[in-house]
Every structure is written in structure tokens, then in C-alpha cells.
Amino acid sequence: QLQLVESGGGLVQPGRSLRLSCAASGFSLDNYVIGWFRQAPGKEREGVSCISNADSSTYYANSVKGRFTISMDNAKNTMYLEMNSLKTEDTAVYYCGAPRRMITVQSLCIMTLANYWGQGTQVTVSS
């Protein structure tokens, strides 16, 4: 069965960095698409960044563009999110998500079309 497990969250001060990991099992990330999403209290879940191994395409939300970097290690079947210059506005539960079928990174991230989700990892940015 497909399973996604996030890790790497924590409490950091503004301006610091965190690296989130999402380990996938039950399926291969090769030639597929997967992404990072986040949800703050009282807000809808939003797409942060998505990546496709099929065409090496990526998507970043405007709010994180230039600060976050998404990557994938095919050997470990793991996706990463390098978060730099963190802001208090980045505080949220971060989830990795994947769709049932292959779609574009835009569809996955903008439309939040993931069907499989990890348990989430809390990121708190506070001074």
C-alpha cells in the first residue's frame, strides 16, 4: 500500500533553515509526481512545491519562490524540501501528497489534487 512519511519539522527562529523529508513506500517515485503542501490553523491546505520525475519539472508557490527548493533522491525514494529564510508566515503543518495518476506539477500543486497524504510534520517559525 502506498505510504508517505514526513519528517524534519520543528521550531526555528525567523531567517533560519529546515530540511523536510518525505519517504515514499509502496510505489516508486520514478516517472511520477509528488509535492509538498501546508496547512495553517484556520486556513485551507495549499500547495507549496511539487516535482515531477517524468520531465524534471517543478512548481513553487509565489510565497516560497526563491526561498524553498524541492528535490528528489530516486535511490532512497525520498522527496526533500529545503526551506531557507523562514518567516513566521511559513508556520504550518507540512504534508507530502501524491495523486492516484500521473498529472502535471501545476495540477497537483495549484489544484491540490493529491489523493495520498503523509501524517504531516509541524513547522513553527517563531522568535
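The values are calculated or read from the model by the stated rules, or taken from the named source; none is laboratory data. Computed from a prediction, not measured in an experiment: that's the story for all the values here. Here Cβ is always computed from backbone atoms with ideal geometry, including for glycine, and neighbour counts include all displayed protein chains. Please note that ligands, DNA and RNA were not included when accessible areas were found on the heavy atoms of the full protein model with its side chains. Shrake-Rupley method; radii C 1.70, N 1.55, O 1.52, S 1.80 Å.
Please report the antiparallel percentage of the DSSP beta bridges confined to region 1-89, to the nearest 5.
The antiparallel proportion sits near 100 percent.
Amide H contacts under 5 Å for residue 68: 84, restricted to partners 5 or more places along the chain or on a different chain, H placed in the peptide plane at 1.01 Å from N. Scalar couplings 3J(HN,Hα) for region 53-59, obtained by applying the Karplus form with A = 6.51, B = -1.76, C = 1.60 to θ = phi - 60°, are 7, 5, 10, 6, 7, 9, 9 Hz; x denotes Gly and Pro. Can you give the relative contact order of the chain as a percent, counting alpha carbon pairs under 8 Å and 6+ residues apart? So the answer I get is 36 percent.
When the helices of the chain are scored as -39500 (n - 2.57) per DSSP H run of n ≥ 4 and the total is divided over every residue, the value at 222 nm lands at -1000 deg cm²/dmol. On the chain, 45 percent of the accessible area sits on carbon and sulfur atoms, based on a 1.4 Å probe.
Suppose accessible area is computed on protein heavy atoms with a 1.4 Å probe; arrange 124, 104 from highest to lowest.
Largest to smallest exposure gives the sequence 104, 124.
In the context of the full set of protein chains, residues of region 1-112 present 51 Å² of accessible surface per residue (probe radius 1.4 Å, heavy atoms only). Each residue of region 110-119 was assigned a 3J(HN,Hα) from its phi angle through the Karplus expression (A = 6.51, B = -1.76, C = 1.60, θ = phi - 60°), giving 6, 8, 6, 8, 7, 10, 10, 10, x, 7 Hz with x at Gly and Pro. Accessible area per residue was computed with a 1.4 Å probe on protein heavy atoms; residue 103 scores about 20 Å².
When the chain is treated as a Gaussian network with alpha carbon springs shorter than 10 Å, the biggest mean-square fluctuation among 58, 69, 88 belongs to 88. Using θ = phi - 60° in the Karplus curve 6.51 cos²θ - 1.76 cosθ + 1.60, the 3J(HN,Hα) couplings for region 5-11 round to 10, 8, 7, x, x, x, 9 Hz; x is entered for Gly and Pro. Ranking 83, 50, 15 by how far each Cα lies toward the positive end of the dipole of region 1-85 (charges on Cβ) leaves 15 at the top.
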